[in-house]
Every structure is written in C-alpha cells, then in structure tokens.
Amino acid sequence: MVSSERWTVAAHEAGHRLDTWVSERLPGTSRSQVSRALTEGRLTVNEVAGLKAGHRLKAGDVVAWAAAEPAERHLTAQDIPLPVVYEDAWVAVVDKPAGLVVHPGAGHADGTLVHALLHHLDELSEVGGAERPGLVHRIDRDTSGLLVVAKDDATHRALQTQFAAHDVHRRYLAVVVGPRLADEGTIETSFGRNPRDRKKMTGRVDEGRRACTHWRVVARGEALALLVLRLETGRTHQIRVHLSEAGHPIVGDTLYGRPVPRGGGGRAAVELAAARRMPRQALHAAALGFTHPGTNQQMRWTAPPPPDFTQLVEAAFGAEVLADALRTL
C-alpha cells in the first residue's frame, strides 16, 4: 500500500462515494480499509477528517490518504503441505488446496495459507499488512487452485495494478446445477453486501461495485453442466453469487446453492448422485497468468483440479472432458 497520496476529484466523478472512489485508486485496498483510515484520521477531504465512508464527493475536492504504520508480525510459520508450482526472486505461484483458509481471521487464528507461506517461502511482501504477508489476491476457503504471492513490496504493487486494470488472466472451472444455459455469456451487475444476510453477497443491489463474470459451457449432461469462467472483476464470492442468482448454483455450495435433488432415473440420476458426493463447492481456479513485474515476460500456469472435482466431472460427463477443458484455458 502506498504511504501517501493526494488526488483531485474530476467533474465527471462528482457524486461518487468516498470509500469506493478511494479503493479504486489504491489497488488492493478494500472499502473496509478505507473506512478504518477515515476512523483513524488518515483519509481527509479538503483537510477535513472524520467523514463517513458514504460521503459524496464534489468536483474539485482534494482527497488525501496516508497509510497506517506497518504493524509487527506475530504469525508463526507452520509446516502445512502446499504445492508451490513456480518460484523465483519476485513471486511464487501456489496451488491452494480446498479447505485451507487464505489468511487469519475470526475463527481461524492459525492453520491458514499465510502460515504455510511463512514456512515454505523465505520472503513475503508487507503491503497487505502484518496478517496478510505476500497476498495479492484471495480465493475462498473451499475453492481450490492457483494464487500468486509477492515476495517484495514493489512486485506486490505492480501485481495489484494489473489486477485492478483487469490485465490478469484468470480462468475457473465450475460444475453447476442445470444444463440449460446458453453456450456462453456474461453476467454484469452491481455487487455488494446482502442487506438481509450480512454473511452473503449479492448482485442485486441498487448501488455497489461493478462485477463482471464471463462463462462458457464446455460439457452438458442431463442435470449438470461444466463451465469455464473468466473473471473480469474479482469481488468476494463473485462467481458463486452470479451463477446462483442466474439460476445455476455451483454444486456443493452450501451458502448460495441448495441441496442437490434426489429421484429421477437414467443419466440425470447418475449425475445427481455424483453431485451429492461432492464434499465442497465445485469451483477450481485452474489458470493464472500475468506480466511478470521483474522480467516483463508474459507468464501463465494451469493446474488440474484435485481428486474430488475430477471424480465429479468424470462421473457426470466422462473421462476425457476435463482434459479437453484444461486445454482451452
């Protein structure tokens, strides 16, 4: 995170919320971090502190930001198995197992990806704070797949800039309930906290951050479909919410989905039985690519999904489908 910044609000930006406006100018800075900066007096508008996060900006307003002093890290390295698929002096790319929480938080004081990173890597950036060293982006606990980790602050900021500009290649695989969706398409919504359940997100808000997900069907069954998804933005739970609210929840998603139905016969019954055996949401971050901040080279990785996902796909669609899908990423 940058140490200090000053901006002037342009005429076409008048009326924007302060927290959203600032977070868009500081890649990797969440609206909650902006709110904390307001509370601590580190974010001002026209030298006025203590404003609300939803304060509406006016043309010509001068917004000033100062980062918090770095906190002392109190985390302990833990020898947690973690596949490191690539590592150099600047970055590491890891294949996060499903079930592994990315960083410490409520109910997860240890045993996280961060604790594993401290064991497996000698250096991690400090941009994200003492509790999130190296983390440029996140995926959900029960989502498996690829993450890039930064070893120094300059690399971290360069990667954040690419994520904010939507220049990072990200492809997910998902198995969803309901095969009757178009061959491909885009879901674009405003995105925010669900007003009726604060643990959930929704794409059905009048005002929120833009969220855009592109999908392509790569296999159809009688009851399920296998999708490749491209993230244009990366909001919390974005893929899960967009697919659920479109009527095609991800198999095994207990927060946004619904129990897999029983009954029926034939091929549909086989697919649904395989879906009921899936122990977690059938979502895998299968491909990741970016311009390497240290070498300026285009780099890209793919990771096959773990056995639970693979078994679901093979039971529902056949043994060759997954290999074919991975070749299209």
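The values are calculated or read from the model by the stated rules, or taken from the named source; none is laboratory data. No experiment lies behind these values; they were computed from the predicted model shown. Cβ atoms come from the backbone with ideal geometry, glycine included; neighbour counts cover every protein chain shown. Accessible surface is based on the protein model in full, side chains and every heavy atom, while ligands, DNA and RNA are left aside. Shrake-Rupley method; radii C 1.70, N 1.55, O 1.52, S 1.80 Å.
Once the chain from Arg36 to Glu24 is taken as fully extended at 0.36 nm per residue, the excess over their C-alpha distance is 2.7 nm. With the crude spin-label approximation of a point 7 Å out along Cα→Cβ, what separation in nm comes out for Asn194 versus Ala319? Taking the simple label geometry, Asn194 and Ala319 are separated by 4.0 nm. Listed by chain and number, the lysines whose C-alpha is less than 22 Å from the C-alpha of Lys96, apart from same-chain residues fewer than 8 away, are Lys151. With semi-axes √(5λ) of the Cα gyration tensor in Å defined as stated, name the option among (i) 53, 24, 17; (ii) 36, 24, 18; (iii) 36, 21, 19 computed from the structure displayed. It is the value labelled (ii). Estimated from the Cβ-Cβ distance and a Förster radius of 22 angstrom, the FRET efficiency linking Thr328 and Ala269 is about 0.15.
Relative to the current alpha-carbon distance between Val48 and Ser4, full extension at 0.36 nm per residue lengthens the span by 14.2 nm.
Which percent, nearest 5, of DSSP beta bridges in the chain are antiparallel? Walk me through the numbers before you get to the answer.
Details: 57 of 59 bridges.
Taking every DSSP beta bridge with both residues in the chain, the antiparallel ones total about 95 percent.
If R0 equals 22 Å, the separation of the Cβ atoms of Thr295 and Asp122 corresponds to a calculated FRET efficiency of about 0.65.
In whole percent, how big is the carbon plus sulfur part of the accessible area of the chain, probe 1.4 Å, protein atoms only?
Values: 7380 of 15580 Å².
Answer for the chain: carbon and sulfur cover 47 percent of the accessible area.
For the stretch 110-169, the gyration tensor built on C-alpha atoms gives an oblate shape. Its axis ratio a/c (a ≥ b ≥ c) is at least 1.5, and a/b is not larger than b/c. For a straight C-alpha distance cut-off of 30 angstrom, the lysines reachable from Lys52 (same-chain residues fewer than eight places away being disregarded) are Lys199, Lys200. Excluding ligands, DNA and RNA, the accessible surface per residue across the chain is 47 Å² with a 1.4 Å probe. Annotation: aspartates and glutamates with alpha-carbon distance below 16 angstrom to Lys58 (same-chain offsets under eight excluded): Glu13, Asp19, Glu47.
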